[in-house]
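Since the structure comes first, as structure tokens, the remarks are kept for the end.
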Amino acid sequence: MTPQEPGSLQSSPETAGPPVTVSITRLVEPDRIPEVTHWVQSGVNLANRYPGFLGSGWVRSRAQSREWHMLYRFADHDSLATWENSDDRLRWLDLGRDLVVESRVEKRTGIEGWFDVPQDALHRALPRGGSRR
């Protein structure tokens, strides 16, 4: 499948599965940050041309950290697979092979667990009858 206009979806909402978020942890040498930033943005620009692309971002845990956490999201598993198996993405990854080291990849369909403590763990951590402030 070839890229299409940004925001166009490959499947109808009635048949599409849940959105899928991919989290990739990559190691970046501090002296390569400008190159890596350019490389990552070029990948976002490519992905944005594929049906079902919902967005992306990247963060570091602190200024001196070599670990970058990169996220991207697609409307469903099929649109994600189209991007992940595309020649565009394979060429883009090849351009970054000397810039980053991939250390972990996770795929999730829900928002739970990405940013918040699961509710059952939160309830165990709160004092009885109180709330966290």
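The values are calculated or read from the model by the stated rules, or taken from the named source; none is laboratory data. Quantities reported herein were computed from a predicted structural model and do not represent experimental measurements. Because the Cβ atoms are built from the backbone with ideal geometry, glycine has one as well, and the counts that use them run over all protein chains shown. For accessibility, only protein heavy atoms count, side chains too; no ligands or nucleic acids. Shrake-Rupley method; radii C 1.70, N 1.55, O 1.52, S 1.80 Å.
Quick notes on this one:
- Among the criteria (1) closer than 15 Å to residue 43 by Cα; (2) among the hydrophobic types (A, V, I, L, M, F, W, C); (3) in contact with a Phe, Trp or Tyr (Cβ under 9 Å, 6 or more places away or on another chain), the one residue 75 does not fulfil is (1).
- Scope region 56-80; condition open to solvent by less than 40 Å² (accessible area, probe 1.4 Å) and farther than 17 Å from residue 92 by Cα; matching residues: 65, 68, 74, 75, 76, 79
- The residue that is modelled with the lowest pLDDT, among those in region 90-115 that are in a loop (DSSP other than H, G, I, E, B) and among the aromatic types (Phe, Trp, Tyr), is 115.
- Residue 59 satisfies every condition listed in (1) part of a strand (DSSP E or B); (2) modelled with pLDDT of 90 or more except (2).
- Residues in region 38-49 that are surrounded by 14 or more Cβ atoms within 10 Å (Cβ to Cβ) and within 20 Å of residue 103 (Cα to Cα): 39, 40, 43, 44.
- Residue 71 in a helix (DSSP H, G or I), out of contact with any Pro (no Cβ under 8 Å at 6 or more places or on another chain), at pLDDT below 95 and within 25 Å of residue 33 (Cβ to Cβ): no
- Those residues of region 74-89 which are assigned to a loop (DSSP other than H, G, I, E, B) and within 14 Å of residue 48 (Cα to Cα), in sequence order: 75, 86
- Restricting region 1-37 to residues that are loosely packed, with under 12 Cβ neighbours inside 10 Å and not hydroxyl-bearing (Ser, Thr, Tyr) leaves a set whose member that is modelled with the lowest pLDDT is 7.
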